[in-house]
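Colleague: Here's a structure for you.
Bear in mind that the values in this text are calculations on the coordinates, not laboratory data. Because the structure is predicted, anything quoted here is derived from the model rather than measured. All Cβ positions, glycine included, derive from the backbone under ideal geometry; neighbour counts span all protein chains shown.
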Amino acid sequence: MDSPRLNKLMALLWKNFILKRRQCCALVAELFLVVLLVGILLVMRRMAPVRKSGPFNYSQQPVDQNLPAYIKEVPSKMWEMAFVPSKSVVVKDIVETVKRDLQYNFKVQGFPRERDFEDYLMQDNNSERVMVAFVFDHEFENSYDPLPLKVKYYLRFSSQRNNYSETSQPKRWKTDTLFPKHSFAGPRNELDPTGGSPGYISEGFLLMQHALDKAIMKYHNRKTAEQLFKNVHVFVQRFPYPKYDDDSFYKIFFYLGPSLIIALFFVNYITIIQSVVWEKENRLKVIPLSCDIELCGKCWLFQAMFKNFLLNLLG
């Protein structure tokens, strides 16, 4: 580092030192806040319990046996199953097979296009009655055009989930996120054998997917498929989780940490604003421009401020 730049940096540091010395009350308040908040963190660290949790072993959950609980809770409600496209007799027969296998009196309704189905949901309270919609991504040339062996379909459920007890959170599927919003040590929803939110088991997603797959297999070869599924039941099970240390300090700091950091620098923010306003009022910022300081040399101002704040943070 050459001597002129070093002199500029030392001059800025000396200026900051003079400003701090003139504002003794603010300096004492900053140091007091640092000591206070560090003490709060140490007390939280000492008082927060660390307990052993686990191991967790989860039971098997049947996929093809029971309808979701919210359907049985409202028996008088006429639930609907929709399918697209409605012109295909094959698709209608497959959906009717799903209805018979589930042994529930669903109202089956078809739509020519997916857009027509969306318009239907916009009318009255139709979206509350439709449990699932089967959308086949295949161009059928006529009503009796067969279904290919490799077919692509979508399952469309309501965006507002029905079987959801955590009222403090929005009832969304959250399919646009790859990871949970808050991630802590341990398994997610550790006490729920179904996996909890978003509820692919409790909402009936896996049930409908499995029932539709069976109906497609029966369409291609009914006798073989019925013989295959005669004594076969499908279960899903969560992976076990080993014993781990459940440290509540991280959860507390996750929610209180941002507030503590803001409180730590609050007095410093006020001091900076006051210093900038005072320098602007007294036109002290004009001096570097009159001294022909190159543009890149202005970065020393920010370096000096950063080092000054770092020293205050370290106390």
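Colleague: Going highest first, how would you order 16-22, 239-245 by mean Cβ packing within 10 Å? Before the final figure, lay out each step's value.
Modeller: Values: 16-22: 13.3, 239-245: 11.4.
So the order, starting with the most tightly packed, is 16-22, 239-245.
Colleague: What pairs from Lys152/Lys230; Lys150/Lys223; Lys92/Lys223; Lys87/Lys174; Lys107/Lys230; Lys8/Lys280 go past 30 Å between their alpha carbons?
Modeller: Lys87/Lys174
Colleague: Related question: Quick one: give the max-minus-min coordinate of the C-alpha atoms of region 61-242 along each principal axis, largest first, in Å.
Modeller: 54, 43, 34
Colleague: Ratio to report: Rg/Rh of region 37-158, with Cα atoms as the point set and Rh obtained by the Kirkwood method; give two decimals.
Modeller: Using only Cα positions, Rg/Rh for region 37-158 is 1.29.
Colleague: From the phi of every residue in region 246-253, what ³J(HN,Hα) in whole Hz does the Karplus formula 6.51 cos²θ - 1.76 cosθ + 1.60 yield, where θ is phi - 60° and glycine or proline is x?
Modeller: 8, 9, 6, 4, 5, 5, 5, 5
Colleague: At 20 °C and 1.002 mPa s, what whole-number value in µm²/s does Stokes-Einstein give for the translational diffusion of region 14-84, with Rh from the Kirkwood sum over Cα pairs?
Modeller: 107
Colleague: Going highest first, how would you order 255-262, 270-277, 199-206 by mean Cβ packing within 10 Å?
Modeller: Highest-to-lowest ranking by the protection proxy: 199-206, 270-277, 255-262.
Colleague: Sort the following peptides by mean Cβ neighbour count (other Cβ atoms within 10 Å, averaged over residues), highest first: 207-217, 100-110.
Modeller: So the order, starting with the most tightly packed, is 207-217, 100-110.
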